[in-house]
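Notes for the one structure printed next.
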Amino acid sequence: MRLVIARCTVDYEGRLRAHLPEATRLVMVKADGCVAIHADGGAYKPLNWMNSPNRLVMDDHTGVWTVRSPKGDVLTITLHEVFSDTAHDLGVDPGLRKDGVEAHLQELLADHPGSIADGLRLVRREFPTDIGPVDLMCRDAHGVAVAIEVKRRGEIDGVEQLTRYLDFLNRDPTLSPVRGVFVAQVIKPQAKVLAADREIDCVEVDYDELRGIESPNLKLF
Amino acid sequence: MGMKFRCERDILQNALVSAGRAVSTRGGALPVLSGVHLVLVGDLLTVTGSDIDLTITVRTTVAGAEDGVAVVPAKLVTDIVRSLRPGAVDITMEGDELSMVSPPSEFAIRTIPADEFPELTAPEGDAVTLQGAAFRGALQQVVKSASSDDARPILTGVLMAAEDDGLRLVSTDSYRLSVCDLAGTSILSDGQKVLVPSKSLLELSRLIGDSEELTLRLGQQEASFEVGNVSVTTRLIEGDFPNYRGLIPTNHPNRLTIDRGALLDAVKRVRLMAQESTPIRLSMSSDGLELVAVTQDVGQAHESMPAAYQGEDLTVAFNPEYLIDGIEVAPGDEITLETVDELKPALLRSVEDEDFLYLLMPVRVS
């Protein structure tokens with residue numbers, strides 16, 4: 001994590017054009033490549049940002065940083081005066097603790113792994129890796145190891161988390177190849193895109209159905 | 001940059017209210033979007049509000065004295081203008097303050113730097129003209145069935161697709177589905193379809209009002225509608241809409257035909273006892289229709305009404321709000337409710353107008 005406090009201007013060109021005039025701000029460059037520009041206010045939303053994957057070119061001579069997304073969006077940060085420039089290795093984040101529904105969902109899926117995919121059988125819950133336990137480790141009908149991350153709401157963070165587990169698990173020759181499955185009640189479209197890009201399957205499950213409760217509100221699809 | 005003009009309060013208020021409908025209420029990454037953008041060139045005042053996904057621009061004629069640009073907090077300025085006495089308002093930009101004078105009231109408010117307001121471009125495709133009343137009616141028939149759940153963005157849109165020689169609008173939140181055909185309205189090429197956010201179309205239907213016509217320009221990622229002096233530009237939703245055709249049963253053995261207004265009134269009355277997510281039950285027989293709602297520990301409501309019914313005696317329960325939505329937007333005085341059984345989707349249609357259908361899933365009851 002690189003943190004730069006600087007007097008800067010920021011220009012964004014993409015679906016729209018936006019300009020942040022010269023002012024003192026915090027520029028964050030995260031380990032995964034995300035770049036965010038913060039003002040001294042607001043709880044969490046940056047003034048402007050660029051998600052990873054992107055290409056960041058820092059020209060420390062001119063003070064111009066250019067962040068370019070694969071779609072061609074460009075974020076240009078011009079540093080006029082740098083007050084602080086520090087870098088820290090934060091390591092791997094353990095993630096949020098699961099709430100009651102999420103833990104129960106994991107328990108139900110461990111009892112019924114076939115509801116995720118036909119032929120799946122449980123090896124172990126909370127399967128350990130060097131960076132923390134993966135929710136479920138299973139074997140598919142062909143004996144291939146399957147690492148499953150369970151979330152109540154499937155977002156990009158969950159896909160990132162499973163990607164890290166898979167990276168470690170696939171280093172173990174007794175397990176490799178390990179494929180990943182991301183399971184949630186609802187999975188956001190961006191998370192599905194990222195998962196597909198990383199060859200991780202996404203499965204949406206119905207919590208009530210797993211609990212054996214049929215919703216009275218019938219659906220068309 | 002200075003700005004000075006005089007304008008009737010009502011004209012300014014209308015422009016601010018219309019543009020303000022697109023102003024972001026969520027705050028977010030661009031605080032400037034909580035403001036409306038004012039541009040004065042000569043006597044032409046352009047007022048724009050945007051949350052990036054939806055942009056509404058109103059052009060109006062004022063007595064201009066000095067050209068200029070300003071961004072002002074949308075809600076505050078609208079509330080101020082609305083509160084002024086009827087008559088002329090003098091607006092002057094001095095430094096970073098906008099003064100509004102309508103004797104005996106004087107207001108001065110701090111503006112938001114105008115250069116932070118994003119430059120938003122509208123699509124430049126060929127303009128197609130639509131009939132105002134017909135398009136507004138079609139929008140009103142479909143927007144309510146769209147989902148408001150952002151977790152399923154595809155369902156928050158209304159599908160606009162070329163169908164035979166006209167335009168078809170479709171929306172669904174997975175509990176109900178609305179389909180409306182606008183015959184003879186060819187705005188899309190064969191096979192072309194776009195998914196437009198229902199929120200944008202709801203605002204558009206309000207702005208169409210009594211306008212006789214509107215124009216549409218379609219771009220790759222945006223659609224822009226012009227209604228009189230107002231333009232509405234909305235982003236399009238990317239993705240594939242569910243295959244809705246297979247959801248509509250081809251054979252409904254039971255058919256209830258009933259006066260639309262009488263049914264609407266009766267459902268609204270009985271609904272008062274359908275509390276805490278309990279459904280309303282419709283019992284259909286050759287004797288007519290009976291509506292029942294029971295909420296435990298609260299009470300019950302019961303109403304019988306005459307209706308023509310063909311088929312087996314059947315009781316089906318529905319979410320009362322969804323049922324009302326369908327009855328309200330169905331055209332004509334008489335409607336039919338076609339059913340298969342108590343668990344399969346029911347089809348609500350107008351007797352006089354085949355261009356609208358409303359498919360509604362029942363609620364399971366013990």
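Quick one: B:Q140 ticks every box in (1) modelled with pLDDT under 90; (2) more than 14 Å from every other protein chain (Cβ to nearest Cβ) bar one, so which box is it?
Only one criterion in (1) modelled with pLDDT under 90; (2) more than 14 Å from every other protein chain (Cβ to nearest Cβ) is unmet by B:Q140, namely (1).
Within segment B:126-173, which residues are of a type in the set (D, E) and either farther than 15 Å from B:I187 by Cβ or in contact with an Asp or Glu (Cβ under 7 Å, 6 or more places away or on another chain) (or both)?
B:D149, B:D150, B:E163, B:D173
Considering only residues that are open to solvent by 40 Å² or more (accessible area, probe 1.4 Å), of a type outside the set (A, V, I, L, M, F, W, C) and either under 20 Å from the mean Cα position of the chain (by Cα) or within 13 Å of another protein chain (Cβ to nearest Cβ) (or both), which ones fall in segment A:55-71?
Answer for segment A:55-71, where residues must be open to solvent by 40 Å² or more (accessible area, probe 1.4 Å), of a type outside the set (A, V, I, L, M, F, W, C) and either under 20 Å from the mean Cα position of the chain (by Cα) or within 13 Å of another protein chain (Cβ to nearest Cβ) (or both): A:R55, A:R68, A:P70, A:K71.
Which numbered condition in (1) surrounded by fewer than 17 Cβ atoms within 10 Å (Cβ to Cβ); (2) in contact with a helix residue (DSSP H, G or I) (Cβ under 6 Å, 6 or more places away or on another chain); (3) among the hydroxyl-bearing types (S, T, Y) is the only one that A:S84 fails?
(2)
Looking at segment B:162-171, which of the residues that are within 17 Å of B:L247 (Cβ to Cβ) and within 18 Å of the chain's Cα centre (by Cα) is surrounded by the fewest Cβ atoms within 10 Å (Cβ to Cβ)?
My answer is B:R168.
Starting from residues that are open to solvent by less than 20 Å² (accessible area, probe 1.4 Å) and touching a Lys or Arg at 6+ places or on another chain (Cβ under 8 Å), keep the ones in segment B:321-336 and report whichever is farthest from B:S283 (Cα to Cα).
B:A330
Yes or no, residue by residue, for (1) within 13 Å of chain A (Cβ to nearest Cβ); (2) touching a Phe, Trp or Tyr at 6+ places or on another chain (Cβ under 8 Å):
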site	(1), (2)
B:Q131	no, no
B:P153	yes, no
B:G157	yes, yes
B:T172	yes, yes
B:L177	yes, yes
B:D181	no, yes
B:G184	no, no
B:G191	no, no
B:P197	no, no
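So in segment B:50-66, with the set limited to residues that are part of a strand (DSSP E or B) and charged (D, E, K, R), which one is nearest to B:H37 (Cα to Cα)?
Per the criteria, the residue is B:R59.
B:V363: within 13 Å of chain A (Cβ to nearest Cβ), under 28 Å from B:E276 (Cα atoms) and of a type in the set (A, V, I, L, M), yes or no?
So B:V363 fits the description; yes.
Considering only residues that are surrounded by 13 or more Cβ atoms within 10 Å (Cβ to Cβ) and either without any contact (Cβ under 8 Å) to a residue 40 or more places away in the chain or of a type outside the set (G, A, S) (or both), which ones fall in segment B:311-320?
B:L314, B:T315, B:V316, B:F318, B:N319, B:P320
Mind listing whichever residues of segment B:116-148 are over 25 Å from the mean Cα position of the chain (by Cα) and either over 29 Å from B:V72 (Cβ atoms) or loosely packed, with under 14 Cβ neighbours inside 10 Å (or both)?
Listed by number, the list holds a single entry, B:E119.
Would you mind listing the helices (runs of 4 or more DSSP H) fully within segment A:103-221 where at least 2 residues are within 14 Å of another protein chain (Cβ to nearest Cβ) and surrounded by fewer than 16 Cβ atoms within 10 Å (Cβ to Cβ)?
In segment A:103-221, A:189-197, A:207-210 are the helices (runs of 4 or more DSSP H) which contain 2 or more residues that are within 14 Å of another protein chain (Cβ to nearest Cβ) and surrounded by fewer than 16 Cβ atoms within 10 Å (Cβ to Cβ).
Among the candidates B:D165, B:D150, single out the residue that is free of Cβ contacts under 8 Å to residues at least 24 places away in the same chain, outside the structural domain of B:D353 (by TED's automatic domain parsing) and closer than 30 Å to B:V363 by Cβ.
Answer to the check: B:D150.
Regarding segment A:69-83, can at least one residue be identified that is part of a loop (DSSP other than H, G, I, E, B) and of a type in the set (A, V, I, L, M, F, W, C)?
no
Take the residues in segment B:27-66 that are of a type in the set (D, E) and out of contact with any Leu (no Cβ under 8 Å at 6 or more places or on another chain); name whichever of them is nearest to the other protein chains (Cβ to nearest Cβ).
By that ranking, first place goes to B:D53.
Being open to solvent by 50 Å² or more (accessible area, probe 1.4 Å) and not charged (D, E, K, R) is the filter; apply it to segment A:16-25 and report the residue that is farthest from the other protein chains (Cβ to nearest Cβ).
Once the filter is applied, the top-ranked residue is A:T24.
Quick one: B:D240 ticks every box in (1) closer than 20 Å to A:P216 by Cα; (2) within 13 Å of another protein chain (Cβ to nearest Cβ) except a single one, so which number is it?
In the conditions (1) closer than 20 Å to A:P216 by Cα; (2) within 13 Å of another protein chain (Cβ to nearest Cβ), B:D240 misses (1) alone.
Take segment B:67-126 and flag every residue that is in contact with a Ser or Thr (Cβ under 7 Å, 6 or more places away or on another chain), within 14 Å of chain A (Cβ to nearest Cβ) and either assigned to a strand (DSSP E or B) or free of Cβ contacts under 8 Å to residues at least 12 places away in the same chain (or both).
B:V71
Check segment B:343-358 and report whether any residue there is modelled with pLDDT of 95 or more, in a loop (DSSP other than H, G, I, E, B) and more than 19 Å from B:V179 (Cβ to Cβ).
no
Please enumerate the residues belonging to segment B:63-102 that are loosely packed, with under 14 Cβ neighbours inside 10 Å and farther than 20 Å from B:G2 by Cα.
B:D79, B:R82, B:S83, B:R85, B:P86, B:G87
The values are calculated or read from the model by the stated rules, or taken from the named source; none is laboratory data. It should be emphasised that the depicted structure is a prediction, and the values quoted were computed from it without experimental measurement. In this analysis, Cβ positions are derived from the backbone assuming ideal geometry, glycine residues included, and neighbour counts consider all displayed protein chains. Note: accessible area is taken over every heavy atom of the protein model, side chains too, but ligands, DNA and RNA are not part of it. Shrake-Rupley method; radii C 1.70, N 1.55, O 1.52, S 1.80 Å.
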